[in-house]
Structure formats: C-alpha cells, structure tokens
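All of the numbers you see were taken from the coordinates with simple rules; none came from a lab. Predicted model only: the values in this text are computed from it and were never measured. Here Cβ is always computed from backbone atoms with ideal geometry, including for glycine, and neighbour counts include all displayed protein chains.
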Ligand SMILES: [Zn+2]
C-alpha cells in the first residue's frame with residue numbers, strides 16, 4: 001500500500017476525530033498513481049571547462065580567479081568545445097542506452113540572470129548527444145531516458161548579510177555539465193531514489209562524474225503529478241534544486257501527499273514550480289507557470305556542429321565497462337541476495353574486491369558478500385580508511401581472505417577468531433600462519449575443554465545456579481569458556497559439555 005494512502009487515512013482521523021476504520025481503505029475506489037520524472041545535472045569530470053581552458057573543478061579557489069574572457073562572457077571571446085567533455089558525455093549517453101545522432105550541436109539558451117555573464121547559456125536543444133535511452137533499476141523495472149545533453153554551468157551569487165548588495169563568483173561559470181531527463185516512468189519516491197543511486201553508480205563506473213550530491217556534483221529537479229481516474233496524466237508540479245537523494249525522496253513524498261490532499265478537498269492542482277524547504281521538510285510555491293518560457297534557442301554561431309562517426313561509437317561501446325545492472329545479474333546468478341548484490345555492484349572498488357575473492361575461493365559467494373559488507377567494511381570504518389586505501393590490490397588480497405574463509409569453513413578456527421584475525425589479513429598477513437604460530441586452532445577435544453569448563457563452573461557457582469533454572473544463562477558460562485580459551489573452543493562442543501554437567 002503506497003504511504004500516501006496511510007497519510008490520507010491518518011489525516012481524516014486527525015480532521016474528524018473519529019476512530020480509524022481499516023475498512024475505509026477497502027472502500028477507496030481510486031488511489032491516484034503518482035507519475036514522477038527526474039531531471040538530473042552531473043558535473044562532468046573533465047580537466048577543463050566546457051568551452052575554455054579554465055580548471056573544470058576550480059570552485060575552491062579565491063572568487064573569480066578561475067576565469068578567462070570566455071567564461072566571463074567578454075565581447076569578442078570565442079568558445080571552443082571541450083573534446084574530453086564531449087567524449088565523456090557520449091560514453092555516458094551510450095551507457096544509458098541512448099541513440100547518438102550523426103551530428104550534434106550546441107545552442108544558445110537565452111535568459112537574463114546575474115550569474116550568467118553572457119545572458120545566455122550554451123546548451124543543447126535539437127540533436128543532443130543522446131536520446132531514447134533506458135536504464136534498468138533493482139526490482140526489475142526499466143526507466144526511459146528522454147535525452148542527455150551537455151551544457152555549461154552558471155556562476156554563483158552570494159548574498160552577504162553585512163552588505164546591501166550581492167557578490168558574484170564566476171569560478172564555476174562554464175564548467176561542463178551533463179543534463180539528463182527521464183520519461184515520467186517512476187512511480188514512488190523510493191523508486192526515484194533507487195534510480196538516482198543507479199545513475200550515480202553508472203557515472204562513477206564510467207569515470208564520467210563523481211556524482212556526489214554533497215559536493216554539488218549531482219543535483220536533481222523532480223516533476224510529479226497524480227494520474228487522473230481516466231488514466232490520463234494529472235497536472236504536473238516541479239520541485240527544483242534538490243541536493244541529496246534523501247531530499248528527493250522526502251520532497252516527492254511530501255508533494256504526493258500535498259496533491260492528494262488538494263484533490264480530496266475538491267480543488268485542482270496548480271501547475272507551478274516549487275522549492276524544497278529542508279528545515280520544514282516541505283515544498284513551497286515559488287512561481288506559477290502561466291506560460292512556457294521561451295528561451296529563443298538558436299544554434300551557437302561560434303561553435304560548429306560536431307560530427308560523430310560510427311567508429312567512434314563502436315570504440316566507446318567496445319570500451320564500456322560492466323555496468324551495475326549487468327553486475328547485479330551476475331551476482332544474482334551466484335545466489336547473492338539482491339540488496340547485497342546492489343551494494344556491491346554500486347561501488348566499482350567493492351565489486352573489484354568481490355570479484356577477485358569469489359574467483360579465488362570456492363565457497364558460497366554470499367559468504368564473501370557478508371564478509372566484505374559487514375566485517376571488512378565495519379573494520380575499515382572504525383579504522384577511518386576506505387576500501388581502496390586498505391586494499392589497493394584486490395588480486396593480492398583475494399587469496400589471503402580465501403585462506404581465512406577456508407579456515408572457518410573447514411572448522412579449523414571459529415568465526416570469532418577469524419574476525420579477530422581479519423585486520424591483520426587485510427594488512428598483508430596470511431591467516432593460516434597466524435593460526436599456527438599463535439595456536440588459534442579450534443579446540444574440540446572434550447578432555448581439554450572439560451578441564452576449562454570445570455574451572456569456570458567452580459569459579460562462578462551463582463551463574464551455574466541460575467543456569468540450572470534458566471537455560472539462557474548457559475550463554476554466560478559459554479562466554480567465559482570462550483574467553484578463557486582465547487575464542488578457540490568449539491562453541492557447540494562446549495555447550496554440550498556444560499549442559500551435561502548441569503543435568504548431572
Ligand atoms: Zn574560462
């Protein structure tokens with residue numbers, strides 16, 4: 001049941017002070033389906049800006065130091081299209097399954113805004129670098145991609161509280177951006193978030209963008225409507241400038257609820273652009289759209305149309321790395337759970353380590369996934385290291401982890417001991433050598449364990465007493481025996497021996 005249905009029932013309950021009636025859910029004849037589309041901007045990981053030689057990532061420098069006549073829009077300056085950014089854009093378009101035109105072109109999109117020094121933005125209109133793509137997301141659905149195009153970023157306005165004027169920083173002006181627009185194929189806020197994760201993973205796998213919302217390198221606008229009872233699209237509302245996946249999800253959930261409520265109360269949804277108020281966790285009206293903006297697009301006369309040859313596309317396709325969806329499918333075939341498979345597939349380095357270990361080890365891939373995602377990740381998190389820092393060479397690490405997992409699988413060591421050895425194995429040690437030199441092999445010998453157990457029971461008569469009444473208290477005795485034996489005791493043997501002694 002979609003969350004907004006609960007919300008509606010809950011609101012009725014609040015409004016009328018009557019008891020919530022679950023049967024009311026059954027009486028709802030029309031649950032309007034949300035229809036969601038996204039527009040995503042990604043900062044392209046090229047060395048220079050889209051049409052000049054300034055640093056593409058020089059936002060951190062002093063204001064207006066990463067600029068030149070071209071990106072400041074000075075008269076007479078001539079833009080030159082960035083070959084590297086175009087190549088990355090094409091790579092991304094192909095990864096999204098887009099068709100690429102034989103000729104692509106840059107257009108001027110005219111609007112007046114203080115952070116756009118030329119009073120137009122160089123963008124793409126007809127013949128963008130990609131159209132008609134499709135991206136599969138976890139759960140089996142595929143989201144249509146309307147178009148992908150390249151454009152330049154704007155500058156940044158600062159409104160200091162101490163002054164009666166605003167400040168303008170053009171360091172970011174002209175930085176290369178990819179804009180991608182989806183078909184209205186998404187149905188829930190959760191799905192929108194999953195799609196964003198997929199896009200981020202693709203962009204990172206290709207090295208096209210860092211796609212990090214926290215650094216402003218991935219921003220999203222959403223549009224959402226509720227489908228009419230006859231199946232046609234309802235009135236679309238846009239929410240602009242969402243800077244995190246969480247805010248996309250929250251803004252959509254809020255907006256779906258708000259539109260629901262407007263319709264319930266007998267009003268019509270107004271076509272408008274709204275903003276997201278992070279503090280209040282709500283959308284707020286910014287401007288109504290009485291007419292479509294006319295940007296007076298025209299081909300940029302300074303930038304020739306670009307011909308894209310078939311062999312260029314063939315080369316891009318041939319060099320395409322394995323994308324997250326293909327990885328997920330491969331991991332599903334290894335019987336890895338869907339969540340773990342996505343988590344691994346979404347990070348190129350995690351996937352590299354996982355692939356290396358699963359080919360070095362014969363045991364179940366799910367066990368490798370568990371170790372990587374919980375034990376290894378947990379230890380590195382504590383350590384303040386990334387996987388890439390700790391394991392720069394997955395192929396060297398793989399046999400060491402395989403050796404550790406072998407020792408657990410053949411019951412030479414307990415998993416407690418294995419977890420204790422893991423940090424050293426990550427840093428280069430061979431588990432079997434550590435086990436041998438430290439005498440960590442599992443002890444299942446009843447005589448040897450019996451001696452330890454007797455000593456522990458004698459030292460803790462109160463725990464023994466409660467264990468006779470309450471079987472759960474056996475764990476306390478078991479824990480002490482494990483501690484005494486440095487985690488080497490075979491826990492199931494110890495448990496049996498304790499139970500025998502308690503019953504005696
Ligand atoms: Zn420049």
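Couple of notes before you dig in:
- As a rough guide to protection, the peptides 304-311, 32-39 ranked by mean Cβ packing within 10 Å, highest first, stand as 32-39, 304-311.
- Part-to-part distance (alpha-carbon centres) for segment 86-114 and segment 329-367, which is given in Å: 34 Å
- When the helices of the chain are scored as -39500 (n - 2.57) per DSSP H run of n ≥ 4 and the total is divided over every residue, the value at 222 nm lands at -12500 deg cm²/dmol.
- Span from the segment 167-232 Cα centroid across to the segment 253-293 one, whole angstrom: 19 Å
- Shape of segment 219-338, Cα gyration tensor, a/c cut at 1.5: oblate
- Once the chain from residue 233 to residue 111 is taken as fully extended at 0.36 nm per residue, the excess over their C-alpha distance is 41.0 nm.
- Extension gain for residue 83 to residue 338 (0.36 nm times residue separation, less C-alpha to C-alpha distance): 87.9 nm.
- Relative exposure of 287, 200, 258, judged by other C-beta atoms within 10 Å (fewest first): 287, 258, 200
- For segment 322-438, the relative contact order comes to 22 percent (Cα pairs under 8 Å, sequence separation of at least 6).
- Ranked by how many other beta carbons lie within 10 Å on average, peptides 240-249, 293-302 from highest: 240-249, 293-302
- Fully extended contour minus Cα-Cα distance, from residue 286 to residue 377, at 0.36 nm per residue: 28.5 nm
- Across all directions, the shadow cast by the convex hull of the chain built on its C-alpha atoms averages 34.8 square nanometres.
- Exposure proxy order (Cβ contacts within 10 Å, fewest to most) of 122, 143: 122, 143
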